[in-house]
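Below is one structure, written out as structure tokens; the observations come after it.
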Amino acid sequence: MGKTTAPASARAAAWAKFLDELDWWIEQHGDAAVPQAATSRLVDGVPYPLGRRVRAQRERHRRGTLDVERARALEARAGWSWDGYAPRTARVWQQRLAEVRAYVDAHGTLDGLESVNAPAARWLRDQRAAELTPAQRRELARIPGATTERKSRLDEFVAAMRGWLAVEPDRDAGDVQFSTVYRVGRASVPLGKRVAYWRSRYAAGRLTAGEVEAIEALPGWSWKPPRRRQPAAQEA
């Protein structure tokens with residue numbers, strides 16, 4: 001029996017989804033240099049294997065089986081290469097470095113970079129684990145705090161949740177309302193808003209498997225917001 005092929009409509013839908021995820025990656029990272037093991041947003045409840053899909057298109061192009069129009073569509077994406085994944089180009093590296101430096105010059109700190117320029121913040125985290133040239137390491141070292149690992153928002157959130165659970169032993173993560181505030185000393189953490197933030201990132205497929213695992217380890221955690229509490233019925 002011959003090999004069955006997917007209907008044209010299914011292939012077209014799969015191609016459209018691939019381009020959507022590739023464009024999302026470019027928006028987040030600045031170019032189409034997708035590592036082979038990279039995933040993007042959740043599709044049907046699981047991370048989309050974008051890196052493998054990119055490699056598959058390169059293989060089809062190498063074999064001459066990739067449609068010309070599709071090849072042109074890929075070549076029109078920023079940073080697309082048929083040669084496979086490579087470290088960021090010198091141009092992109094210098095661009096991100098300039099963005100980080102400008103932020104520190106304006107604010108005196110790296111605090112808040114993630115909320116203002118998420119791609120630059122992710123790039124900076126990647127550089128701390130990358131094999132850089134001596135010149136690149138020197139350039140990064142000139143920016144205060146750029147080469148120092150920073151406590152992530154996830155670490156802070158999990159610590160605050162566990163602190164709240166410790167002082168509320170009869171409750172679990174499912175009892176956190178949007179208005180819940182965790183107070184420790186003179187500091188106040190808007191815990192309910194933080195919970196909503198992480199749920200929104202999960203719904204958008206922007207959490208790593210490790211982040212999902214760390215949050216789901218919280219007792220009573222649910223990715224669905226709790227139902228609003230109904231007021232008690234008044235007696236007649």
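The values are calculated or read from the model by the stated rules, or taken from the named source; none is laboratory data. Quantities reported herein were computed from a predicted structural model and do not represent experimental measurements. With ideal geometry, Cβ positions are generated from the backbone for all residues, glycine too; neighbour counts draw on all protein chains shown. Surface areas here come from the heavy atoms of the whole protein model, side chains and all, with no ligands, DNA or RNA. Shrake-Rupley method; radii C 1.70, N 1.55, O 1.52, S 1.80 Å.
Of the residues making up region 122-151, just one is among the hydroxyl-bearing types (Ser, Thr, Tyr) and surrounded by 13 or more Cβ atoms within 10 Å (Cβ to Cβ), namely Thr147. Go through region 55-82 and give me each residue that's basic (Lys, Arg) and closer than 26 Å to Ala120 by Cα. Correct list: Arg55, Arg77. Here is a check on your reading of the model: is Thr147 over 26 Å from Ser222 (Cα atoms) and in contact with a Gly (Cβ under 9 Å, 6 or more places away or on another chain)? Spelling it out, it is not the case that Thr147 is over 26 Å from Ser222 (Cα atoms) and in contact with a Gly (Cβ under 9 Å, 6 or more places away or on another chain).
For region 167-179, does any single residue satisfy the condition of being assigned to a loop (DSSP other than H, G, I, E, B), more than 17 Å from Arg122 (Cα to Cα) and hydrophobic (A, V, I, L, M, F, W, C)? Lay out the reasoning, then the answer.
Quick first cut of region 167-179, residues assigned to a loop (DSSP other than H, G, I, E, B) only: 168-172, 176-179.
Imposing the further condition that a residue be more than 17 Å from Arg122 (Cα to Cα) reduces the set to 168-172, 176-179.
Now restrict to residues that are hydrophobic (A, V, I, L, M, F, W, C): 176, 178.
Yes, some residue in region 167-179 is assigned to a loop (DSSP other than H, G, I, E, B), more than 17 Å from Arg122 (Cα to Cα) and hydrophobic (A, V, I, L, M, F, W, C).
With respect to Arg52, determine if the residue is open to solvent by 30 Å² or more (accessible area, probe 1.4 Å) and farther than 23 Å from Ala120 by Cβ. Considered against the rule, which asks whether it is open to solvent by 30 Å² or more (accessible area, probe 1.4 Å) and farther than 23 Å from Ala120 by Cβ, Arg52 comes out as yes. Restricted to region 88-121, and to residues there that are open to solvent by 50 Å² or more (accessible area, probe 1.4 Å) and of a type in the set (S, T, N, Q), the residue that is nearest to Ala135 (Cα to Cα) is Gln94. Would a scan of region 66-77 turn up a residue that is in a loop (DSSP other than H, G, I, E, B), hydrophobic (A, V, I, L, M, F, W, C), at pLDDT 80 or above and surrounded by 12 or more Cβ atoms within 10 Å (Cβ to Cβ)? Taking every residue of region 66-77 in turn, at least one turns out to be in a loop (DSSP other than H, G, I, E, B), hydrophobic (A, V, I, L, M, F, W, C), at pLDDT 80 or above and surrounded by 12 or more Cβ atoms within 10 Å (Cβ to Cβ). The residue of region 21-46 that is nearest to Val92 (Cα to Cα), among those that are crowded, with 17+ Cβ neighbours inside 10 Å and among the β-branched types (Val, Ile, Thr), is Ile26.
Are any residues in region 118-146 under 21 Å from the mean Cα position of the chain (by Cα) and over 27 Å from Tyr197 (Cα atoms), and if so, which ones?
If the condition is that a residue be under 21 Å from the mean Cα position of the chain (by Cα) and over 27 Å from Tyr197 (Cα atoms), then Ala130 is the only one that fits.
Within region 180-213, the set of residues being within 29 Å of Ala38 (Cα to Cα) and either in a loop (DSSP other than H, G, I, E, B) or of a type in the set (Asp, Glu) (or both) comprises Ala204, Gly205, Arg206, Leu207, Thr208, Glu211, Glu213. When you look at Arg62, is it under 19 Å from the mean Cα position of the chain (by Cα), basic (Lys, Arg) and assigned to a helix (DSSP H, G or I), yes or no? So Arg62 fails the test. Looking only at residues of region 158-198 that are buried (at least 17 other Cβ atoms within 10 Å of the Cβ) and within 22 Å of Arg41 (Cα to Cα), we find that the one that is nearest to the chain's Cα centre (by Cα) is Trp198.
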